[in-house]
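The block underneath contains the structure these notes are about, expressed in structure tokens.
Please treat every number below as a calculation from the coordinates, not as lab data. Quick caveat: nothing in here was measured; it's all calculated off a predicted structure. Using ideal geometry, Cβ is built from the backbone for each residue, glycine included, and neighbour counts are taken over all protein chains shown.
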Amino acid sequence: MKVEDLHSWKLGIPEALRLQQSLAHLVCYKDEISEVRWVGGVDISAPNSQGCARGAVVILDYPSLHTVEVKIVEEKVEFPYVPGLLSFREAPLIISAFRMVEKVPQLLIVDGQGIAHPRRLGLASHLGVILDLPTIGCAKSLLCGKVAEVGSEAGSFSLIWEGEEVLGAALRTKRNARPVYISIGHRTDLEGALKWILNLCQGYRLPEPTRRAHNACSANTKC
DNA sequence: GCGACAG
DNA sequence: ATCTTGTCGC
């Protein structure tokens, strides 16, 4: 059985919610990142009027950060956008693009939450479990939890709290830019995740892997 | 019941 | 995500 066949994507909302609860047990919160040669970034575009979207996986050489591979797919998006169920909408396209990749990355940066999610299984964690890769969630806004103001210097961060639980951190990656929200995806810890994200930022708010994946899928879809 | 709500 | 001009800061 292939990893991507861990479960079906043709689910209703109640089934998706139940699946998240079971998959959340499989998420690893320990740092298992090692010998990074390639770092991946993934993103999908907004679906067009026909429901077709573009999914992209970009592979960067590390530490040069040169793009060494780009894979794009265009498919119809089936699942509706429901806050908390984003992975059921986006993961199918990302996985399709990912299976075409030749240089399998040792770390994947995802545009969305990891465990900073109501059931601790945001897109980054879900993809990490399915692809069995270390992943880091790097979202542009908060889904759940509370966070204090972040210092203005690049590198400043403030923890995301939900009750007594730390879900991640708001991280200032660039001066005069809003912070990004970092959380463990899979097989990473928060400290490592923050270091990696800062290390992958090259003068822009978003880390290079995610930024390039976004650019790669921003062109108009053909279907 | 009310507000919040990744992309 | 998207609707949308000018404008403030480096």
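Summary table below
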{"item": "Per-residue ³J(HN,Hα) for region A:189-204, Karplus 6.51 cos²θ - 1.76 cosθ + 1.60, θ = phi - 60°, Hz, x for Gly and Pro", "result": "10, 5, 4, x, 4, 5, 5, 5, 5, 4, 5, 9, 8, 10, x, 10"}
{"item": "Residue of A:Leu133, A:Leu143, A:Leu17 that the Gaussian network model of chain A assigns the largest fluctuation, springs spanning Cα pairs under 10 Å", "result": "A:Leu17"}
{"item": "Ordering of A:18-24, A:181-187 by packing [mean C-beta count within 10 Å, highest first]", "result": "A:181-187, A:18-24"}
{"item": "Kirkwood estimate for chain A, i.e. one over the average of 1/r between Cα atoms, Å", "result": "17.2"}
{"item": "Above-threshold pairs, the threshold being 19 Å between Cα atoms, out of A:Lys71/A:Lys222; A:Lys71/A:Lys103; A:Lys71/A:Lys195; A:Lys30/A:Lys174; A:Lys140/A:Lys174", "result": "A:Lys71/A:Lys195; A:Lys30/A:Lys174"}
{"item": "Dipole of chain A [Lys/Arg +1, Asp/Glu -1 at C-beta], most positive-end residue of A:Leu127, A:Pro47, A:Leu86", "result": "A:Pro47"}
{"item": "Under the Karplus curve 6.51 cos²θ - 1.76 cosθ + 1.60, θ = phi - 60°, whole-Hz ³J(HN,Hα) for region A:144-161, x wherever Gly or Pro sits", "result": "8, x, 10, 9, 7, 4, 9, x, 7, 7, 4, x, 6, 8, 9, 5, 8, 10"}
{"item": "Percent RCO, i.e. relative contact order, over region A:61-125, from Cα pairs under 8 Å lying at least 6 residues apart", "result": "28"}
{"item": "Mean separation of Cα contacts under 8 Å, 6 or more apart, over the residue count of chain A: relative contact order %", "result": "23"}
{"item": "Chymotrypsin sites (Phe, Trp or Tyr not before Pro) restricted to DSSP loop in region A:60-140 with at most 13 other C-beta within 10 Å", "result": "A:Tyr81"}
{"item": "Of A:Val82, A:Val58, A:Val39, the one that fluctuates the most in a GNM where chain A has Cα springs shorter than 10 Å", "result": "A:Val82"}
{"item": "Summed side-chain charge close to A:Val82 - residues other than A:Val82 whose Cβ falls under 13 Å, Lys, Arg +1, Asp, Glu -1", "result": "-1"}
{"item": "Within chain A, longest stretch free of exposed GluC sites (Glu not before Pro) [DSSP loop, at most 11 other beta carbons within 10 Å]", "result": "A:36-101"}
{"item": "Whole-Å distance, taken between Cα centres, linking region A:159-223 and region A:1-78", "result": "15"}
